[in-house]
Amino acid sequence: MSTSSLDSLSAAPRTTATAGTAGKVIAKRAAGSLFVLWAAVTLTFFVLRLTPGDPITAILGGAGSSPSPETVAAVRAEYGLDQPVLVQYLSYLGNLLTGDFGVSYIFKVPVLEIIGPQILPTLQLAGLALVFAWVIALAFTLLTVGRGRVLDGAGRAVEVFFASLPQFWVGIMLAVVFAVTLGWFPVAGNDGFRSLVLPALSLAVPLAGFIAQVTRSSFEDALAQPFVLSARARGLSDTAVRITHALRHAILPGLTLSAWAVGSLVSSAVVAEVIFARPGLGRSLVDAIVNRDLPITLAVVFLIAAVYILVNLVVDVLYRVVDPRTNPKGSAA
Amino acid sequence: MTNTTGTNPVQQPLLAIDNLNVSFSTPRGVVDVVRDVSLALAPGKALALVGESGSGKTVTARTLVGLNASNARVSAGRLDVLGNDATRLSERQWRRLRGKDIGYVLQDALVSLDPLRTVGQEIDEALRAHGIRGRAERQERVYAALRDAGIPDPEVRARQRSGELSGGLRQRALIAQATVLDPQLVIADEPTTALDATVQAQILELLAGLKEQGRGLIFISHDLAVVSHLADEIAVMQHGRIVESGRADEVLGNPRHEYTRQLIDAVPSAAGKGTRLSAVPRVSVTSRPTRLSAFSEDAPALAARNLVKTYASPDGTRRTVVDDVSFTLAAGKTLGIVGESGSGKSTTARIALGLTEPDAGTVTLGGLPWVGGAAPAAGRSEGERSGGERYGAGTGTSRAALTEADSTEDGGSDRGRSGFRRRGATRTGGPTAVTEDLRRPHRPDIQLVNQDPLSSFDPRFSVGRVITDALDAGSVGAPGERRDRAAELLGQVGLPLDLLERRPLTLSGGQRQRVAIARALALQPRVLLLDEPVSALDVSIQAQVLDLLADLQEQLGLSYLFISHDLGVIHHVSDDVLVLKDGRVIESGSAEAIFTAPTTGYTRALLDAVPDMPERRPAVVPGATPSAHNPAGADR
């Protein structure tokens with residue numbers, strides 16, 4: 001998935017919203033979403049075909065097995081792999097339209113049965129990671145920006161440090177300290193909220209570094225704006241100005257970043273899922289790629305693209321709530 | 001709310017300040033910004049702080065609300081604000097004063113009100129901050145404040161954000177949020193800067209009303225005409241000190257200090273037309289343009305005929321931004337374009353520059369077809385012909401001349417869009433518009449200088465690179481020659497050569513504008529389009545830049561299309577004037593005619609809105625050397 005296509009997707013309605021009516025915007029948006037889904041699936045489909053090796057080997061039990069030519073031919077026909085690639089592609093698309101993701105090469109059961117139960121844990125993980133990331137980022141911004149050179153510098157340094165941490169390292173450290181040594185949280189598994197905290201944190205810490213960096217610079221910009229001085233001159237306290245005025249301006253770029261972040265959280269969730277032995281889409285995707293299980297790979301890519309699109313939609317709505325200037329009907333709000 | 005702070009017995013002075021010093025500790029050491037400033041203000045009076053940027057006006061004002069940056073150090077022999085010793089106020093006590101007893105109105109309402117919040121929310125915030133609980137009461141007071149500030153339908157306006165309001169309403173809303181709690185003292189920083197003349201007049205009236213209600217008013221302005229209208233007392237600041245202070249009519253009518261006199265001389269006015277406004281020496285241009293150009297010196301430098309431009313509105317209707325605008329800029333002359341925001345000035349300028357394609361109409365540049373439908377051959381002849389009947393030759397008949405020119409071209413009927421189309425068709429057999437490919441070789445002939453040069457410089461470039469870059473664009477000379485030419489250009493705009501290595505960010509506003517002019521001159525243009533070139537500058541710097549432009553015009557034979565909302569500036573620089581309103585030409589003619597005998601009510605209203613400077617009385621101060629700083633022998 002390229003992030004640039006998503007950027008343009010999320011940016012386009014924001015700029016065109018003022019020029020067109022609501023209906024046009026929605027139609028454009030829906031068309032764009034469908035295009036992204038189609039492009040994601042198509043690209044993945046053909047890229048996977050281009051990789052060397054025969055899917056039949058995967059279906060028939062891996063490189064170690066030696067099936068007879070008759071078996072190979074029979075299976076090939078059963079899975080439609082004897083057809084030209086274009087025909088395979090079109091029939092895959094056709095099935096997709098009816099909600100049929102095909103049958104897993106490895107598990108020989110419908111794809112949805114395998115990845116269906118994985119979706120929720122991954123979304124929970126990504127969602128909580130995003131919440132944690134925002135809490136950490138906002139705490140840093142509110143507490144350190146413009147609070148003197150020492151605090152400011154310290155805040156900056158910690159953000160860069162966080163942003164540069166690899167997720168797997170954070171995960172292992174968190175597991176060692178809070179699960180193994182202190183025993184506050186379970187080491188592994190998927191058993192309620194407590195088991196979600198450490199995996200989510202391991203994904204949240206680097207992301208918090210990123211969000212805090214963009215939030216800090218826009219917060220600084222906002223604090224330097226004349227309207228902040230106006231608010232102070234009305235008798236507001238410094239803290240009140242930070243929260244009611246500067247913060248609202250500061251979260252806008254972070255909000256845009258979040259749309260990208262959720263998508264990437266879903267795909268990078270695998271790190272936390274492996275370390276904390278959790279089920280999830282990320283693990284399914286890695287396993288499927290390693291085993292050349294085409295249908296599962298395609299389905300997971302499709303889901304991740306769908307999450308990207310949904311989150312971009314939500315962020316767009318949120319953006320307009322925070323910044324009514326972008327809303328063509330904002331004057332009525 | 002009842003506290004030792006904030007209560008002030010009536011008729012006590014609102015302010016009593018002796019020897020105020022404010023300094024800032026920076027990494028490079030302590031910087032003194034305000035030195036030995038003494039001020040006093042009684043209720044119902046207005047005190048103006050006057051001086052150029054960096055003179056300490058704003059810091060002085062902010063000291064009075066305790067809102068200087070955290071690295072500021074304030075000391076004073078006496079700093080009495082509304083009966084409180086302001087040097088001893090805690091942050092909590094300051095907060096009780098701010099908004100409630102002291103209203104502070106910042107410059108530029110667009111950025112001084114939170115753009116994400118409605119005006120009502122902003123005003124309401126002041127009420128909440130001072131503990132007014134009742135929701136209904138607060139709402140009523142928000143409406144009342146807006147109404148008092150002269151906003152007609154407060155219920156609607158309160159729900160709008162500053163970006164949705166016009167400049168005038170926005171400024172009123174800003175004043176409303178500062179005065180909602182009925183403060184005894186109102187401080188306003190450049191309250192009318194960047195406003196159109198008519199709006200400025202309304203805001204001045206509003207501020208005068210505050211004064212009449214018995215409030216004390218301190219305001220900062222670099223516009224002496226505004227000051228003369230509103231102020232009872234004036235304090236002139238320079239380098240952090242008050243160099244002269246006293247009754248307004250005394251200071252303006254009989255200035256004692258050299259600096260005050262310079263400021264007054266710098267104001268462009270009818271009396272000073274054709275004279276130098278500043279004391280800076282004349283620049284001299286040693287090299288004359290040598291670039292080969294098809295630009296004809298006999299034709300009008302720029303001639304626009306029946307320009308029309310419409311844009312689609314969000315609701316699908318089309319808005320006419322430029323509506324049948326024609327003008328002629330005679331070679332070597334200045335045509336001033338006047339109009340309020342939204343009058344179509346900028347769009348007209350963009351069309352003239354060949355950046356926006358008009359829906360109809362043509363522009364010729366030095367006799368050559370430049371924009372719009374005429375094919376090259378026909379355009380050529382048209383240009384030459386218009387050159388013959390040059391418009392605005394110094395008398396008030398130019399409007400007639402203009403109409404005549406149009407009617408001859410149109411065969412005496414059917415002006416405007418349809419006329420244009422027919423003309424294009426009959427003359428050339430097809431309305432082939434001038435394309436950018438055809439324009440590009442002539443681009444050097446017309447160059448732009450705009451209000452905010454900084455945003456048009458690449459901040460990573462040095463000044464030298466900014467200028468040589470323009471030369472690169474015109475493929476002029478070898479790198480070494482370009483370097484020499486950049487140095488020469490810097491000299492032409494009166495800047496020292498050591499600026500070549502500096503970054504634009506480190507320059508002052510006036511220096512930046514000079515660099516922008518140097519860059520515009522790099523390709524030896526014949527026409528400069530000056531879009532509000534001095535609007536962001538202090539009056540003294542403005543005077544220097546206007547003088548520079550006059551020198552360059554005289555020595556290089558340049559033609560200027562000069563856009564400004566400041567009628568004083570337009571009057572000073574223009575040979576001919578075009579008044580625009582709602583995209584239409586309301587009036588055009590020689591500057592003399594327009595300013596002395598406007599024929600339309602609109603122009604008259606525009607002129608009436610401009611605050612006049614009082615007549616200067618002859619200097620009676622011994623030792624004042626008349627015109628010593630004014631080699632051209634100005635307005636005395």
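Using the basic label-point model (7 angstrom from Cα toward the beta carbon), what is the B:GLN213 to B:ASP36 distance in nanometres?
3.9 nm
Among the lysines, which have Cα under 28 Å from the Cα of A:LYS108 when same-chain residues fewer than 8 positions away are ignored?
none
Where does chain A land at 222 nm, in deg cm²/dmol rounded to the nearest 500, when only DSSP H runs of n ≥ 4 count, each adding -39500 (n - 2.57), divided by all residues?
Dividing the helical sum by the residues of chain A leaves -24000 deg cm²/dmol.
Longer than 31 Å from Cα to Cα, which of B:LYS273/B:LYS345; B:LYS273/B:LYS581; B:LYS211/B:LYS581; B:LYS333/B:LYS581 are they? Say none if no pair is.
Check vs 31 Å cut-off fails for B:LYS211/B:LYS581.
Mind listing the phi-derived Karplus ³J(HN,Hα) values for the range B:151-158, rounded to whole Hz, using 6.51, -1.76 and 1.60 with θ = phi - 60°, and x for any glycine or proline?
So the Karplus estimates, Gly and Pro as x, are 9, x, 10, x, 4, 7, 5, 4 Hz.
Could you put A:TRP184, A:TRP38, A:TRP134 in order, starting from the residue whose Cβ has the fewest other Cβ atoms within 10 Å?
The order, fewest Cβ neighbours first, is A:TRP184, A:TRP38, A:TRP134.
I want to make sure I understand the PRE zone here: with the label point 7 angstrom from the Cα of A:VAL290 toward its beta carbon, which residues in the range A:95-131 have backbone N atoms less than 16 Å away?
A:106-107
Would you pull out the residues with amide H under 5 Å of B:ARG584's amide H, same chain only if 5 or more places away, H placed 1.01 Å from N?
Distant-sequence amide H within range of B:ARG584: B:ASP323.
If r is the Cβ-Cβ distance from B:LEU497 to A:ALA139 and R0 is 35 Å, what FRET efficiency results, to the nearest 0.05?
0.10
Within the range B:450-543, report the trypsin sites (Lys or Arg not before Pro) that DSSP leaves as loop and that have at most 11 other Cβ atoms within 10 Å.
B:ARG460
Rounded to the nearest angstrom and ordered from largest down, what semi-axes does the equivalent ellipsoid of the range B:466-547 get from its C-alpha gyration tensor (root of 5λ)?
With the √(5λ) rule applied to the range B:466-547, the semi-axes are 22, 15, 10 Å.
Working from Cα positions, state the angle (0 to 90°, nearest 10) between the long axis of helix A:194-223 and the longest principal axis of chain A.
40 degrees
So between B:PHE461 and B:ASP182, what do we pick up on full extension, going 0.36 nm a residue minus the alpha carbon distance?
Computed gain between B:PHE461 and B:ASP182 is 95.5 nm.
What residues of the range A:29-50 lie in the reach of a label at A:VAL85, counting those whose backbone N is under 12 Å from a point 7 Å from the Cα along Cα→Cβ?
Within reach of a label on A:VAL85: A:43-50.
Using modelled amide H (1.01 Å from N, peptide plane; none on Pro or chain starts), what sits under 5 Å from the amide H of B:PHE219, excluding residues fewer than 5 places away?
Amide H neighbours of B:PHE219, under 5 Å, 5+ apart: B:LEU47, B:ALA48, B:LEU49, B:ALA188.
With axes computed from alpha carbons, what is the tilt in degrees of helix A:281-290 against the longest principal axis of chain A, rounded to the nearest 10 within 0 to 90?
Between helix and principal axis, roughly 40 degrees.
How large is the Kirkwood hydrodynamic radius of the range B:165-249, in angstrom, based on all distinct alpha carbon pairs?
13.6 Å
Fewest first, what order do B:THR198, B:THR317 take by the number of other Cβ atoms within 10 Å?
Ordered by Cβ neighbours within 10 Å, fewest first: B:THR317, B:THR198.
Taking the Cα atoms only, what angle lies between the long axis of helix A:85-97 and the longest principal axis of chain A, rounded to 10 degrees?
60 degrees
Residue by residue through the range B:598-612, which ³J(HN,Hα) values in whole Hz follow from phi under the Karplus form 6.51 cos²θ - 1.76 cosθ + 1.60 (θ = phi - 60°), with glycine and proline marked x?
Result, ordered by residue: x, 9, 10, x, 4, 4, 4, 4, 4, 5, 5, 6, 7, x, 8 Hz.
Specify the inter-centroid distance of the range B:491-533 and the range A:212-231, based on alpha-carbon positions, in whole Å.
When both Cα centres are located, 32 Å separates them.
Straight-line reach from A:LYS28: which lysines fall under 29 Å, measuring Cα to Cα and dropping same-chain residues less than 8 apart?
Straight-line reach from A:LYS28, under 29 Å: A:LYS329, B:LYS309.
Rule-based calculations on the coordinates, nothing more; no lab input. All of these numbers come straight from a predicted model, not from anything done at the bench. Cβ sites come from the backbone with ideal geometry, for glycine too, and all protein chains shown count toward neighbours.
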